[in-house]
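Some notes on the structure that comes next.
Read-outs throughout are calculated quantities, based only on the coordinates presented, and are distinct from any laboratory measurement. Just so it is clear, the model here is predicted, and its values are computed rather than measured. Cβ coordinates were reconstructed from backbone atoms using ideal geometry, including for glycine residues, and neighbour counts include every protein chain displayed.
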């Protein structure tokens, strides 16, 4: 089983267990910046990415992951993909930590930061990829989808309700681009060709 498949199955199972089995799973997994150092809740930067706020949140994240993760793993290999996903999860929470580290009531969840890292890394390698999203009747170029994804995340972060960590989307996107630049800078040639022509 590929790394991407393992991540998808574990995230799906943990999220569904928390949503429909034991809400305690979600409560114990939340990333709480205020308590991160005070109570040494270090694991929550990872566990928070295994749970979701509701079914639409889970479906949106996993569909995005499905579209981009598997071909990216084939391109860069399982070890690099695992590093991208795990580091994307951790790094994308850095901004959230800085923003909310003095708020004892703030808590967040979701795999959005890591999935955003996967999405943007994938676009560097496959800028010509197109997605069909119901009910939109025309294919959407992956880079346009990515821009829309970040715009939606930015808007949602400004009007945030609930525990979805919208701030992590932008951090994850920047990390995904930086990860490719550091590990395989030549890959940007494809993206530049797409942009120029």
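Relative to the dominant Cα principal axis of the chain, helix 142-158 is inclined by about 30°.
The mean sequence separation of alpha-carbon pairs under 8 Å and at least six residues apart, normalised by the residue count of the chain, gives a relative contact order of 24 percent. Please give the FRET efficiency for residue 22 paired with residue 130, using the beta carbon to beta carbon distance and R0 = 35 Å, rounded to the nearest 0.05. So the FRET efficiency works out to roughly 0.30. Suppose the Debye formula is applied to equal point scatterers at every Cα of the stretch 70-160; what is log10 I(q)/I(0) at q = 0.22, 0.24 Å⁻¹? Calculated log10 I(q)/I(0) at the listed q: -1.18, -1.27.
Helix content alone sets the calculated 222 nm mean residue ellipticity of the chain: runs of n ≥ 4 DSSP H residues at -39500 (n - 2.57) each, divided across all residues, give -22500 deg cm²/dmol. The angle between the Cα long axis of helix 167-183 and the main principal axis of the chain comes to about 50°, on a 0 to 90 degree scale. Both the radius of gyration and Dmax for the chain are 16.4, 52 Å, in that order, over alpha-carbon atoms. Compared with the dominant principal axis of the Cα atoms in the chain, helix 112-125 is inclined by about 10°. Each 10 Å bin, from zero up to the one with the longest distance, holds this percent of the alpha carbon pairs of the stretch 1-75: 19, 43, 30, 8, 0.
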